[in-house]
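Below is one structure; the comments refer to it alone.
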Amino acid sequence: MTDYLHLQGIEKNFGAFRALHDIHLTIARGEFVCFLGPSGCGKTTLLRIIAGLESQSAGTIRQADRDISRLPPAERDYGIVFQSYALFPNLSIFDNVAYGLVNRKTPRAQVASRVDELLKLVGLPGSGAKFPAQLSGGQQQRIALARALATSPGLLLLDEPLSALDALERVRLRQEIRSLQRKLGVTTIMVTHDQEEALSMADRIVVMNQGAIEQVGTPMEVYRDPTTPFVADFVGKINVLDGRLHPGGSLHIGASRFACGQQTAAERDVKIYLRPEDVLARPIAPGDSNVFNGAIDKIEFLGSYCLVRVTSPEIGQQPVTVYLSLNYLAEQNLEVGSRLPLRLLPERMRFF
Amino acid sequence: MSAVLPLSKAPSLVQRAHWTDRIAHAVLLAVTVALFVFLALPLFLILIKALQAPDGSFIGLANFTSYLASPSLLQSLWHSVWVSLLVTVVTVPLAFVFAYALTRSCMPFKGLFRTITLVPLLAPSLLSAISLIYWFGNQGAARGTLQAFGFDNIYGAPGVVIAECFAVFPHALMILITALSLADARLYEAAAALGTSTRRRFFTITLPGAKYGLISAALVSFTLVMTDFGIPKVIGGNFNMLATDVFKLVIGQQDFQRGAVVGLLLLTPAVVTFAVDWFIQRKQTAMLGARAVPLRPKRSPRFDAAMTIYCVVIAALMLAMIGMAVFASFASFWPYNLTPSLKHYTMGLVDAEVGDAFVNSLKLAAGTALFGTAIVFVGAYMLEKTRGATALRPIVRLLAMLPMAVPGLVLGLGYIFFFNLPDNPLNGLYHTLTLLVLCTVVHFYTTGHLTAVTALKALDAEFEAVSASLKVPFYKTFWRVTLPICTPALVDIARYFFINAMTTISAVVFLYSPDTKLASIAILNLDEAGDTGPAAACAVLIAAASTVATLLFMGFGRWIERRTQAWRQPAGQ
């Protein structure tokens, strides 16, 4: 894959407030990248800078080997979809989608066939005569997508496109956008604060915090190998335990000793990050290592499985959360106060 | 890692402006220059004149000290202040109860009551003064009643106070209706659940909630009376006030310097009002959250009946006031022959001057509505929806709000000083209808501007961003999207300009020439000449024209709405 978009040393200050700091990022042609982070982390500002709707305080942007750092939005090459849809309410769906085509002096018949094609592409053929207010939120967002794609831009920018939709529609549109993007091969950047959305859609995720990039990686990398405590905490659920690492791959948590893959020259205190699915309740055979016994402290029912919090004097009463299926809980007659053994997977532990 | 760092001195990277951005900047600059020339400079010249001797040499505050040494002018100042205070103290509580009845009771005919009390806005304010003369003047229909109260004459302070109360009432009422409509039902429900008495609820929820509205209404009333010119001119007799003084000083005695001093005195309360109001508005918006539940009044027979009676009395007084002018304008020869005739109308209209004046007024109103709406809306659009030129925007914002703080009389004064300057290249505009239109547009700019800004802010902020990404220049989006969506607001702005241009006296009284005399000013001249009947007829004609215009604008608004707002209908309707 060839590189398409380069961000180099992007800075953005609002007065004394540093909104973005030292952003370096390269995005390949055809890639689907998500900017993920909590609100106020600068992800939307970065998107708007790429669009030219804001200008960066410093740094350069190259798109398709063209320096666009100082170009106004109208001279850049992108289509954009906003959370609010921003459809023109007084224009029909047809006119909305055709909005960017008409201006390019495209022949009328060609415009009409292109609009038809786009409406089909987003799954709303024949809705051209309607007005935006007559469509549901999800349908309006599909139209906004069609409008953004109408002029075949090289880059598609999506600013929290799904956050105004209800949960079901959001999940449905997620996959539609993803498959549409694959089909068209258009390089896409999506801003979102929803980690599940980012994990399910992106080729690569850019995790941002306080105006800086924390980690860039595939969904699996970001989830399995978070490089900072922030990423570990923000993406997915995670247990954080206090422990002490000894030379020779030995880890002390509370009064217990566990084996781990982490080497250290000298003894030191660590924070251990471990996903709930990396703490196992089964299978545990007698004699297995890295096992401790605990008591159930709280059960949060989430449908087919439950989030179960376990405390154990063996690890200093630090709570550990695990996923247990509803069936397993019933089978084993587990309830608050029940005791059960748990096994930690050493290879999945992250230390900070 | 802290997100705060010391301000870096490195020059920020600047985006290149697109040629369409440059067009926007040019238009914004044009609006700024226009507001500067037709608002800021004339006002600045008042200040200059106040500090100059008649020969133009700088004399510091000498004009002020000589003013303060003149007992007759000081007396006018005192008159203006106490009359304004008295009218405020009388009108605001009356309007508050009326607004309370309209918003918090279940009395019948609310729409009718509201319409009746707002009708005075369609006529020049001095209509109430003319009516008062017919009721209580030397040949008045109810002169005896006046004497029973111990006044022997309506001319002077009593007439001014009563007429101003009527003229100011609708203005105070509109503010108070708005203030009382902003009620959160949840507060009342919570209070009721806690067993709070009705009286306590009024003093702990209603009154504090309407506090800012009350302050605003009081300030507006005070300023309106202080700066009103028509009423004291018609019914003031020998009772001098600041507003009439300015006119006498400038037009009568050509004493521009002292006129400027009085002008600055008139500007003071208005500027204070403006500042306080602005401060209050910022607090007011924070009061009512998005989750507030609108209050729906509950039936209460005794309370509703009391409110109905109150409103009937007020509305009857209003109708008596409006009705008398209408009745008298049709009376053949007041008070001896009351048979209806069109004598005053034909006399006025046949007398070519009044007929021409009326045509001039219509021209002024139409011109103001057309150009005012265009300038205000384009200005507001450039301000709110375009990018770049960041240094210019706060200036435009300030200039657009400034007219609210400038009484018409002061603006007119500034126009004389500025456009009458022999060296001014715009001198040619002096006495023309063009200048009258420009002055009226500036005079009423702020309300139109705020209406336009509100309408524009209701639009999705990303329309312009989407257009730019689709390479569609902003003016196409303005034409295809913004303008069609905002047509209802445009019609509102045009109507506001039209009505005010029809009825205004204060600013234009300094600026007309025999060729550009206006109907509202013809009233003053007729009254001065003792032709009270034709004066009443002329005032009624203006009110009628304003009413017809309002109805036409409303009809046009409906038609436009049907034509352009079809998209607001959800599916299947």
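The values are calculated or read from the model by the stated rules, or taken from the named source; none is laboratory data. Computed from a predicted model, the values in this text were never measured in an experiment. All Cβ positions, glycine included, derive from the backbone under ideal geometry; neighbour counts span all protein chains shown.
Does residue B:529 satisfy the condition of being farther than 18 Å from residue B:501 by Cα, surrounded by fewer than 22 Cβ atoms within 10 Å (Cβ to Cβ), hydrophobic (A, V, I, L, M, F, W, C) and away from chain A (no Cβ under 14 Å)?
Here the answer is yes, as residue B:529 does meet what is asked.
Based on this model, can you work out whether residue A:25 counts as within 18 Å of residue A:215 (Cβ to Cβ), among the hydrophobic types (A, V, I, L, M, F, W, C) and either facing another protein chain (nearest Cβ under 10 Å) or surrounded by 14 or more Cβ atoms within 10 Å (Cβ to Cβ) (or both)? Steps first, answer last, please.
Details: within 18 Å of residue A:215 (Cβ to Cβ): yes; among the hydrophobic types (A, V, I, L, M, F, W, C): yes; either facing another protein chain (nearest Cβ under 10 Å) or surrounded by 14 or more Cβ atoms within 10 Å (Cβ to Cβ) (or both): yes.
Judged against the criteria, residue A:25 is a match.
With the requirement that a residue be basic (Lys, Arg) and either exposed (fewer than 14 other Cβ atoms within 10 Å of the Cβ) or outside any helix (DSSP H, G or I) (or both), what does the range B:387-429 give you? Give the derivation first.
So the first thing to find is which residues in the range B:387-429 are basic (Lys, Arg), and the list is B:387, B:393, B:397.
Within the range B:387-429, just B:387 meets the criteria.
May I ask you to list the residues in the range B:329-385 that are among the polar types (S, T, N, Q) and either within 17 Å of residue B:529 (Cα to Cα) or over 20 Å from the mean Cα position of the chain (by Cα) (or both)? Please lay out each step first, then the result.
Initially, the range B:329-385 is screened for residues among the polar types (S, T, N, Q), giving B:329, B:332, B:337, B:339, B:341, B:346, B:360-361, B:368, B:373.
B:329, B:332, B:337, B:339, B:341, B:346, B:360, listed by residue number.
If you take the residues in the range B:347-397 that are of a type in the set (D, E, K, R) and over 24 Å from residue B:35 (Cα atoms), which one is modelled with the lowest pLDDT?
For the range B:347-397, the residue satisfying everything is B:351.
May I ask you to verify whether residue A:341 is more than 30 Å from the chain's Cα centre (by Cα), part of a loop (DSSP other than H, G, I, E, B) and either surrounded by 16 or more Cβ atoms within 10 Å (Cβ to Cβ) or on the phi < 0 side of the Ramachandran plot (or both)?
Considered against the rule, which asks whether it is more than 30 Å from the chain's Cα centre (by Cα), part of a loop (DSSP other than H, G, I, E, B) and either surrounded by 16 or more Cβ atoms within 10 Å (Cβ to Cβ) or on the phi < 0 side of the Ramachandran plot (or both), residue A:341 comes out as no.
Among (1) in contact (Cβ under 8 Å) with a residue 12 or more places away in the chain; (2) within 14 Å of chain A (Cβ to nearest Cβ), which single condition is residue B:449 missing?
(2)
Among the candidates B:13, B:118, B:28, which residue alone is within 14 Å of another protein chain (Cβ to nearest Cβ) and either crowded, with 21+ Cβ neighbours inside 10 Å or at pLDDT below 90 (or both)?
Criteria check complete, one pass: B:13.
Within the range B:157-222, considering only helices (runs of 4 or more DSSP H) that don't extend past its boundaries, which have at least 2 residues that are modelled with pLDDT of 90 or more and touching a Pro at 6+ places or on another chain (Cβ under 8 Å)? Walk me through how you get there before you give the answer.
Working: elements: B:157-181, B:185-193, B:198-201.
The helices (runs of 4 or more DSSP H) meeting that bar are B:157-181.
Filter the range A:84-116 for residues that are more than 31 Å from the chain's Cα centre (by Cα) and small (Gly, Ala, Ser); which is nearest to residue A:149 (Cα to Cα)?
So the residue we want is A:98.
Which residues, taken from the range A:273-292, are within 22 Å of residue A:336 (Cβ to Cβ) and either in contact with a Ser or Thr (Cβ under 6 Å, 6 or more places away or on another chain) or not in a strand (DSSP E or B) (or both)? First the steps, then the outcome.
Keep residues of the range A:273-292 that are within 22 Å of residue A:336 (Cβ to Cβ), which gives A:276-277, A:279-282, A:284, A:291-292.
Within the range A:273-292, A:276, A:277, A:281, A:282, A:284, A:292 meet the criteria.
Determine the pairs where a residue that is free of Cβ contacts under 8 Å to residues at least 12 places away in the same chain, located within the range A:284-303, has a partner that is of a type in the set (A, V, I, L, M) and assigned to a strand (DSSP E or B) with Cβ atoms under 8 Å apart, the partner being 6 or more residues away or on another chain.
A:300/A:307; A:300/A:308
Taking the condition of being more than 16 Å from residue B:124 (Cα to Cα), over 20 Å from the mean Cα position of the chain (by Cα) and either more than 14 Å from chain A (Cβ to nearest Cβ) or among the β-branched types (Val, Ile, Thr) (or both), how many residues in the range B:534-573 meet it?
Final tally of qualifying residues: 8.
Please verify whether the range A:56-72 includes one or more residues that are more than 13 Å from chain B (Cβ to nearest Cβ) and in contact with a Lys or Arg (Cβ under 6 Å, 6 or more places away or on another chain).
No, the range A:56-72 has no match at all.
Check the range A:100-123 and report whether any residue there is buried (at least 21 other Cβ atoms within 10 Å of the Cβ), in contact (Cβ under 8 Å) with a residue 24 or more places away in the chain and assigned to a loop (DSSP other than H, G, I, E, B).
Yes, because at least one residue in the range A:100-123 is buried (at least 21 other Cβ atoms within 10 Å of the Cβ), in contact (Cβ under 8 Å) with a residue 24 or more places away in the chain and assigned to a loop (DSSP other than H, G, I, E, B).
Of the conditions (1) of a type in the set (Val, Ile, Thr); (2) under 22 Å from residue B:357 (Cα atoms); (3) part of a helix (DSSP H, G or I), residue B:560 clears all except one; give me its number.
Single failed check for residue B:560: (2).
Looking at the range A:137-161, which of the residues that are more than 10 Å from chain B (Cβ to nearest Cβ) and part of a loop (DSSP other than H, G, I, E, B) is surrounded by the fewest Cβ atoms within 10 Å (Cβ to Cβ)?
A:152
Of the residues that sit in the range A:124-134 and are crowded, with 17+ Cβ neighbours inside 10 Å and in contact with a Phe, Trp or Tyr (Cβ under 7 Å, 6 or more places away or on another chain), which one is farthest from the other protein chains (Cβ to nearest Cβ)?
Among residues in the range A:124-134 that are crowded, with 17+ Cβ neighbours inside 10 Å and in contact with a Phe, Trp or Tyr (Cβ under 7 Å, 6 or more places away or on another chain), the one farthest from the other protein chains (Cβ to nearest Cβ) is A:128.
Scan B:493, B:485 and give me the residue that is among the β-branched types (Val, Ile, Thr), in a helix (DSSP H, G or I), more than 14 Å from chain A (Cβ to nearest Cβ) and buried (at least 20 other Cβ atoms within 10 Å of the Cβ).
Step by step, each of B:493, B:485 is checked, and only B:493 is among the β-branched types (Val, Ile, Thr), in a helix (DSSP H, G or I), more than 14 Å from chain A (Cβ to nearest Cβ) and buried (at least 20 other Cβ atoms within 10 Å of the Cβ).
So which residues in the range A:190-222 are of a type outside the set (Val, Ile, Thr) and within 14 Å of another protein chain (Cβ to nearest Cβ), if there are any at all? Give the steps one after another, and end with the answer.
Let us first name the residues in the range A:190-222 that are of a type outside the set (Val, Ile, Thr), namely A:190, A:193-204, A:208-212, A:214-215, A:217, A:219-221.
Listed by number, the residues that qualify are A:208, A:209, A:210, A:211, A:212, A:214.
Which of the residues belonging to the range A:225-239 are surrounded by 15 or more Cβ atoms within 10 Å (Cβ to Cβ) and either within 13 Å of chain B (Cβ to nearest Cβ) or in contact with a strand residue (DSSP E or B) (Cβ under 9 Å, 6 or more places away or on another chain) (or both)?
Listed by number, the residues that qualify are A:226, A:227, A:229, A:230, A:231, A:232, A:234, A:235, A:238, A:239.
Do you know which of the residues in the range B:54-73 that are touching a helix residue (DSSP H, G or I) at 6+ places or on another chain (Cβ under 7 Å) and modelled with pLDDT of 85 or more is surrounded by the fewest Cβ atoms within 10 Å (Cβ to Cβ)? Spell out the reasoning first.
Kept after step one, since they are touching a helix residue (DSSP H, G or I) at 6+ places or on another chain (Cβ under 7 Å), are these residues of the range B:54-73: B:54, B:63-64, B:67-68, B:73.
Next, from what is left, pick out any that are modelled with pLDDT of 85 or more: B:63-64.
On the way: B:63: 24, B:64: 15.
Filtering the range B:54-73 for residues that are touching a helix residue (DSSP H, G or I) at 6+ places or on another chain (Cβ under 7 Å) and modelled with pLDDT of 85 or more, the one surrounded by the fewest Cβ atoms within 10 Å (Cβ to Cβ) comes out as B:64.
For the subset of the range A:313-338 comprising residues that are in contact (Cβ under 8 Å) with a residue 40 or more places away in the chain and either among the polar types (S, T, N, Q) or in a strand (DSSP E or B) (or both), which member is surrounded by the fewest Cβ atoms within 10 Å (Cβ to Cβ)?
Once the filter is applied, the top-ranked residue is A:317.
Which numbered condition in (1) facing another protein chain (nearest Cβ under 9 Å); (2) under 23 Å from residue A:51 (Cβ atoms); (3) not charged (D, E, K, R) is the only one that residue A:90 fails?
Condition (2) is where residue A:90 drops out.
For residues that are under 15 Å from residue A:191 (Cα atoms) and more than 7 Å from chain B (Cβ to nearest Cβ), scanning just the range A:73-87, find the one that is surrounded by the fewest Cβ atoms within 10 Å (Cβ to Cβ).
A:83
Inside the range A:269-302, can you point out the residues that are farther than 17 Å from residue A:328 by Cα and aliphatic (A, V, I, L, M)?
A:270, A:272, A:274, A:291
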